[in-house]
1. At 222 nm, what value in deg cm²/dmol follows for the chain if DSSP H runs of at least 4 each add -39500 (n - 2.57) and the sum is divided by all its residues, to the nearest 500?
2. Over every pair of different alpha-carbon atoms in the chain, take the mean of 1/r and invert it; report that Kirkwood radius in Å.
3. Assuming a viscosity of 0.890 mPa s and a temperature of 25 °C, what translational diffusion coefficient in µm² per second does Stokes-Einstein assign to the range 77-160, Rh being the Kirkwood radius over Cα pairs?
4. Enumerate the calculated ³J(HN,Hα) couplings along the range 10-19 in order (Karplus 6.51 cos²θ - 1.76 cosθ + 1.60, θ = phi - 60°), each rounded to whole Hz, writing x wherever the residue is Gly or Pro.
5. Relative contact order for the range 85-175 using alpha-carbon pairs under 8 Å, separation at least 6, rounded to a whole percent?
6. Residue-wise, which Karplus ³J(HN,Hα) couplings in Hz belong to the range 102-118, taking 6.51 cos²θ - 1.76 cosθ + 1.60, θ = phi - 60°, and x for glycine or proline?
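Quick note: the coordinates plus some simple rules give every number you see, no bench work behind them. All values reported here derive from a predicted model rather than from experimental measurement.
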Amino acid sequence: MNSPLPDAEALLAELAERMSGAIAQEAALVGMYSGGAWVAQRLAAMLPGQHRLGFLDAAYYRDDFQRSGLKSNTRRTDISFAVEGASIVLCDDVLYTGRSVRAAINELFDYGRPASIELAVLVDRGGRELPIEPTYVGARLAVARDLSIVLSQDAQSRLALAVERADGPEGGSAP
């Protein structure tokens, strides 16, 4: 990637603007750990309406779990509202192959059958292996397969994007 990455805070504001009049006032925001959880938390504060928050780690639902094992930084899923019949916006930081999103949707269905699931991502970097397309996108960026876009959060909850060498087939997710 030759051009500098866009400012993550500006992308978040653009994403919130795009979502503002489009999502249901009572839609629940479910963030995928860790970067998607940060995005969901921030969007909940920025969007009009009352948005319940949930967080999930789809590590056990990944299709490469048997091959690559469980990562050491797995977290507990926290969905404290009824998923059955809910309008849900699944939030992630960087969309790449679509495999993490597929795993997250599988996990959501273990909690009930939502009325709808939309996908909001801060960055869509292309490279899909599954037919998964975000409903709301902060930015679409072309990135070489051997690179990952990583979202970080500082002590003041400010978000920042960086490019790193990919360390596996998924790449593109926050530590």
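1. So the helix-based figure for the chain works out to -7000 deg cm²/dmol.
2. After inverting the mean inverse Cα-Cα distance, the result is 16.1 Å.
3. Approximately 174 µm²/s, per Stokes-Einstein.
4. With the stated coefficients, the range 10-19 comes to 5, 4, 4, 5, 5, 4, 4, 4, 5, 7 Hz.
5. 29
6. Whole-Hz 3J(HN,Hα) from phi for the range 102-118: 4, 4, 5, 5, 4, 5, 4, 5, 5, 8, x, 9, x, 5, 7, 10, 10.
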